[in-house]
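Here it is, the structure in full.
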Amino acid sequence: MTKRVFIKTYGCQMNVYDSARMVELVAPLGYAPSDSPRGADLVILNTCHIREKAAEKVFSELGGIRHLKRAKERRGERMIVAVAGCVAQAEGEEIRRRASFVDLVFGPQTYHRLPEMIARATRAAGDGVLDTSFPAEPKFDHLPAARAAGEVSAPLTIQEGCDKFCTFCVVPYTRGAEFSRPAAQVIAEAERLAEGGARELTLLGQNVNAYHGAAPANGPNGGGEWGLGDLLRALARIPGLDRLRYTTSHPRDVDDGLVAAHRDVPELMPFLHLPVQSGSDRVLAAMNRRHTADDYRRTISRLRRARPDLALSSDFIVGYPGESDLDFRATLDLVVEMGFAQAYSFKYSPRPGTPAAAEKQLAEPVKAARLAELQALLQQQQGAFNAAAVGTVMPVLFEKPGRHEGQLVGRSPYLQPVHADAAAAHIGDILPVHIVGVRGNSLTGAIDDGRGREAAR
Ligand code: SAM
Ligand code: SF4
């Protein structure tokens, strides 16, 4: 009888990628994916530690899972419960203590051992497995090569971990030291994805542009390393791959090779998520960001000279310990000056074990007021950016059915969701779309087939 695995994924795209790989890892053990934990034989919570109260959310979710597990046991059946990801890495012992019914606890660097951990948990009923080590052998060498999931737009992790130690961030503690996959391994996975129908790849990494993977033995710089720019050039040559993106980058790691790739590689989409966090040099120094606001300005002008239509996204933290009103104004000024197509912004919130958590914290109402002011400005910029698309014709990669019958949703080169009437057969096509309106943060349009335009919904 087929067994069922349910995975709940929290957080970033890297976790989404990891969850997909876990599904592949357990498939040979007879587990088919399920979209509910009810009745599942294996339940995995793939957790994220970036947001506030992450651990509490996991414990609350586990409360419900415990009831399902007990119900299954009353029927004489077994449910293996696993907590994976960054909360598992940071709070492994605590999870084992507070939720003893959890069978497996493992961090992001050890999930390639999942089949072995399942076997151990099955044998040693009730004993549990905790694996939050940072193994010397890179997990990517031990993952199955299968992977041609048939997605139009597919994520591909090329780099993991971070050595930057920004004072607010848990990533260096939960994902470990920076590691880049060898270029040949990335290219092979990209070729499989393209054969499976992917037309767009998003290269993922916590610090993706710090990429420095081993160069393929028979390519340029064989025996040495490739930067992200070299890798993008090689991926652009794979037949069928028409769009490349990468996220998330650090301003310090935008090197000349990457800027040149933005100039020379048409497949590299003109949209870049480059977090700046703050516009104040004082705050940036306290955050250990290792760049100033002017460094950021210079980097953006280099990129815009290389690719004049480049649209920008960023991350911001307001209310970092010691942030004055003047510091916050400097952030607003930088936003006005740069102009963002979209952005994410957060109130600083302390993460246990990070240096900034030990600092004196700003009052909550101050943080809330600053966040509201920044978000209003960013929303206004996003609105203006989207409004400027109306009346233009943009190539849209259609990814999936829309909300209405006969409608598809795709993405513009600038990552804007675009809704248009189109037959399902167009999923996977890149078609010119005449943009006619803005709805929320997405665009509506009609396929421009050169014979006049269909009306948009
Ligand atoms: N590596 C990326 C970089 O260098 O900016 C960011 C990675 S982090 C997963 C995503 C975003 O979460 C950060 O850019 C930051 O804005 C936000 N973030 C991280 N820790 C935070 C904290 N303690 N409080 C508020 N926001 C936080
Ligand atoms: Fe975290 Fe990014 Fe800083 Fe690394 S560079 S510590 S991932 S915010």
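Readers should treat all values here as calculations from the given coordinates under stated rules, not as data from a laboratory. None of the values given here were measured: they were computed from a predicted structure. Positions of Cβ are backbone-derived with ideal geometry, glycine not excepted, and every protein chain shown enters the neighbour counts.
No partner Cβ under 4.7 angstrom, meaning no disulfide-compatible partner by this rule: which Cys of the chain qualify?
Cysteines lacking a close Cβ partner in the chain: Cys12, Cys48, Cys86, Cys162.
Based on the Kirkwood radius over alpha-carbon pairs, what is the Stokes-Einstein translational diffusion coefficient of region 251-307 at 20 °C with 1.002 mPa s viscosity, in µm²/s?
It diffuses with D of about 177 µm²/s by this estimate.
Can you give the FRET efficiency to the nearest 0.05 for Glu364 and His404, using r as the Cβ-Cβ distance and R₀ = 35 Å?
The value I calculate is 0.25.
Roughly how many nanometres apart are two label points built 7 Å out from the Cα toward the Cβ at Ala425 and Glu56?
In this crude spin-label approximation the distance works out to 5.4 nm.
Sticking with this structure for a sec: Can you tell me, using C-alpha contacts under 8 Å and at least 6 residues apart, the relative contact order of the chain as a whole percent? Mind dumping the intermediate values first?
Values: 925 pairs, mean separation 40.0, N = 457.
After rounding, I find 9 percent.
Could you pull out every whole DSSP H run in the chain that spans at least 15 Å of Cα extent along its own axis and averages -0.5 or higher on the Kyte-Doolittle scale?
Helix filter hits for the chain: 13-26, 183-195, 325-338, 364-387.
Also, I was wondering about something else. Quick check: Cα centre of region 311-330 to Cα centre of region 164-181, how many Å?
The two parts, judged by their Cα centres, are 22 Å apart.
What does the helix-only formula give at 222 nm for the chain: each DSSP H stretch with n ≥ 4 adding -39500 (n - 2.57), the total divided by the residues, and the result rounded to the nearest 500 deg cm²/dmol?
Rounded to the nearest 500, the figure is -10500 deg cm²/dmol.
Now for a separate question. What's the tally of Lys pairs in the chain whose alpha-carbon atoms lie under 26 angstrom apart, where the two lysines are 8 or more places apart or on different chains?
26
So if we plug the beta-carbon distance of Arg123 and Leu326 into 1/(1 + (r/R0)^6) with R0 = 51 Å, what FRET efficiency do we get, rounded to 0.05?
On the way: r = 62 Å, r/R0 = 1.21.
It comes to 0.25.
Hey, any idea what the orientation-averaged projected area of the convex hull of region 298-391's Cα atoms comes to, in nm²?
If you wrap the Cα atoms of region 298-391 in a convex hull and average its projections, you get 7.3 nm².
Please say if region 160-229 is rounded, prolate or oblate, where rounded means a/c under 1.5 for a ≥ b ≥ c the square roots of the C-alpha gyration tensor eigenvalues, and otherwise the choice is prolate for a/b larger than b/c and oblate otherwise? Please list the in-between numbers first.
Numbers: a/c = 2.90, a/b = 1.49, b/c = 1.94.
Oblate.
How many nm is it between the label spots at Arg298 and Asp264, if each spot is 7 Å from the Cα in line with the beta carbon?
Roughly 2.3 nm, to one decimal.
Where both partners of a DSSP beta bridge lie in the chain, what percent of those bridges are antiparallel, to the nearest 5?
Around 35 percent of the beta bridges assigned by DSSP in the chain are antiparallel ones.
While we're looking at this one, here's another question. Take the Cα atoms of the chain, build their convex hull, and give its volume per residue in Å³.
Dividing the Cα hull volume of the chain by its residue count gives 161 Å³.
Taking a quarter of the surface of the convex hull around the Cα atoms of region 3-136, what do you get in nm²?
That works out to 7.5 nm², a quarter of the Cα hull's surface.
Rounded, prolate or oblate for region 379-457? Axes are the square roots of the Cα gyration tensor eigenvalues, ordered a ≥ b ≥ c, and the cut-off for rounded is a/c under 1.5.
In terms of gyration-tensor shape, prolate.
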